[in-house]
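Readers should treat all values here as calculations from the given coordinates under stated rules, not as data from a laboratory. Values in this document were obtained by computation on a predicted structure and should not be read as measured data. Cβ placement follows ideal geometry from the backbone for every residue including glycine, while neighbour counts extend to all protein chains displayed.
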Amino acid sequence: MPTYIVLGRFTDQGIRNIKDSPKREEAFRQSCEKVGARVKDTYRTIGRYDVAAIVDAPDDVTMNAILYSVGSLGNVRTETLRAFTRQETDQALAKMG
């Protein structure tokens with residue numbers, strides 16, 4: 001299953017309601033599970049991003065649906081990276097000419 005690194009920045013609304021962020025995290029986990037994805041872990045971060053999550057999802061379309069749902073709530077804006085395992089990287093390197 002593909003892995004994604006989701007980086008998030010709180011919106012004005014999200015930071016005003018920061019005390020609700022643990023509840024929002026749990027809701028995020030539950031919404032991922034409903035579509036066959038799994039949140040491996042979440043982190044609060046210092047710097048350019050406020051939160052980071054590692055998510056396994058069946059495919060890009062499923063991950064996109066999750067991100068649309070999260071974004072529509074208005075608490076966080078995300079940037080998502082598709083992460084590749086060492087095995088996937090080895091497979092890509094083996095296909096090089």
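Could you list the GluC sites (Glu not before Pro) in segment 21-86 that lie in coil according to DSSP, counting only those with at most 15 other Cβ atoms within 10 Å of their Cβ? Intermediate values should be presented prior to the final figure.
Values: sites: Glu25, Glu26, Glu33, Glu79; in loops: none.
Answer by residue number: there is no such site.
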- Item | For segment 19-26, Karplus couplings with θ = phi - 60° (6.51, -1.76, 1.60), whole Hz, Gly/Pro x | 5, 8, 4, x, 5, 5, 4, 5
- Just from its helices, what would the mean residue ellipticity at 222 nm be for the chain, if runs of 4 or more DSSP H residues each count -39500 (n - 2.57) and the sum is divided by every residue, rounded to the nearest 500 deg cm²/dmol? -12500 deg cm²/dmol
- For the pair Lys23 and Thr45, how long in nm is the line joining their label points, each one 7 Å along Cα→Cβ? 2.6 nm
- Query: Across the chain, where is the longest run that never hits trypsin sites (Lys or Arg not before Pro) in a DSSP loop with at most 13 other C-beta atoms within 10 Å?
  - Reply: 1-47
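Over segment 3-94, what is the relative contact order in percent, taking alpha-carbon pairs closer than 8 angstrom and at least six residues apart? Don't skip to the answer; put the middle values down first.
Numbers: 117 pairs, mean separation 41.2, N = 92.
That works out to 45 percent.
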- Rounded FRET efficiency, nearest 0.05, which uses the C-beta distance separating Ile5 from Lys34 and R0 of 22 Å: 0.55
- Note on the structure: Any residue on another chain or 5+ positions along whose placed amide H is under 5 Å from the amide H of Thr11 is listed here as Val76, Arg77
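If the only charges are +1 at each Lys and Arg Cβ and -1 at each Asp and Glu Cβ, what is the size of the charge dipole of the chain around the Cα centre, to the nearest 20 debye? Walk me through the intermediate numbers first.
On the way: 15 positive and 13 negative charges, 52 e Å.
Roughly 260 debye for the chain.
I need the fraction of alpha carbon pairs in segment 49-95 separated by more than 13 Å, rounded to a whole percent. Kindly include the intermediate steps, with their values, before the conclusion.
Values: 701 of 1081 pairs.
Every Cα pair in segment 49-95 considered, those over 13 Å come to 65 percent.
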